[in-house]
Amino acid sequence: MSRQERFGFVLEIDGAASREWYAQAGEWDCGCGHCRNFLKLARARALPAPVLEFLDGLSIPPEKSTYVCQMGREGDRHFYQFNYRLAGREPAGPEGDSGKQGWGSVWCGHDPYPYGAPGFPEPNFDLAFFVWLPWALDEPQDG
């Protein structure tokens, strides 16, 4: 287990167990327009650089998120939450938000939605990213 400080949290990550799970996992599979938009951006690596650098360090493809939700919209900008589950231990102290990162924010804790990560090794925790993303699909933005 490696101990690293990321996004304002001290994380203990079991990189091998995380990589093994993500190697067999499929992409996020919701077919709604908002999720397809996220997947197009994730496959094109059009997410914030700090998110991609973190995922790359663990060999996690960005399109294999364990939860995606479009939470709001302002014009052509869409506010997304997208999570990645990690094998390891949550940081000591309460769950919480790291605050603004310049490109969005990050929440660390345990997301109760298990359908995005069946069979994930224990113990585990989730990093949820909150980011404004553009609309990338050639279809109406209604989702």
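The values are calculated or read from the model by the stated rules, or taken from the named source; none is laboratory data. Because the structure is a prediction, the values reported are computed rather than measured. As a convention, Cβ positions derive from the backbone with ideal geometry for all residues, glycine included, and neighbour counts pool all protein chains shown. Surface areas here come from the heavy atoms of the whole protein model, side chains and all, with no ligands, DNA or RNA. Shrake-Rupley method; radii C 1.70, N 1.55, O 1.52, S 1.80 Å.
Here are the numbers for the structure shown:
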quantity: Answer from 73, 43 - the residue that is more than 18 Å from residue 11 (Cα to Cα), in contact with a helix residue (DSSP H, G or I) (Cβ under 6 Å, 6 or more places away or on another chain) and open to solvent by 40 Å² or more (accessible area, probe 1.4 Å); calculated: 43
quantity: Close pairs (9 angstrom Cβ cut-off, 6 or more residues apart or separate chains): under 14 Å from residue 4 (Cα atoms) in region 50-64, small (Gly, Ala, Ser) anywhere; calculated: 57/15; 58/15; 58/18
quantity: Inter-residue pairs, beta-carbon under 7 Å, first open to solvent by less than 80 Å² (accessible area, probe 1.4 Å) and in region 3-32, second in a helix (DSSP H, G or I) and among the aliphatic types (A, V, I, L, M), 6+ apart; calculated: 27/39; 28/39
quantity: Matching entry among 87, 117, 128 (being at pLDDT 95 or above, open to solvent by less than 90 Å² (accessible area, probe 1.4 Å), aliphatic (A, V, I, L, M) and under 15 Å from the mean Cα position of the chain (by Cα)); calculated: 87
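Every residue, every condition in (1) part of a strand (DSSP E or B); (2) on the phi > 0 side of the Ramachandran plot; (3) out of contact with any Gly (no Cβ under 9 Å at 6 or more places or on another chain), yes or no:
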residue: 107; (1), (2), (3): yes, no, no
residue: 111; (1), (2), (3): no, no, yes
residue: 122; (1), (2), (3): no, no, yes
residue: 126; (1), (2), (3): yes, no, no
residue: 132; (1), (2), (3): yes, no, no
residue: 140; (1), (2), (3): no, no, no
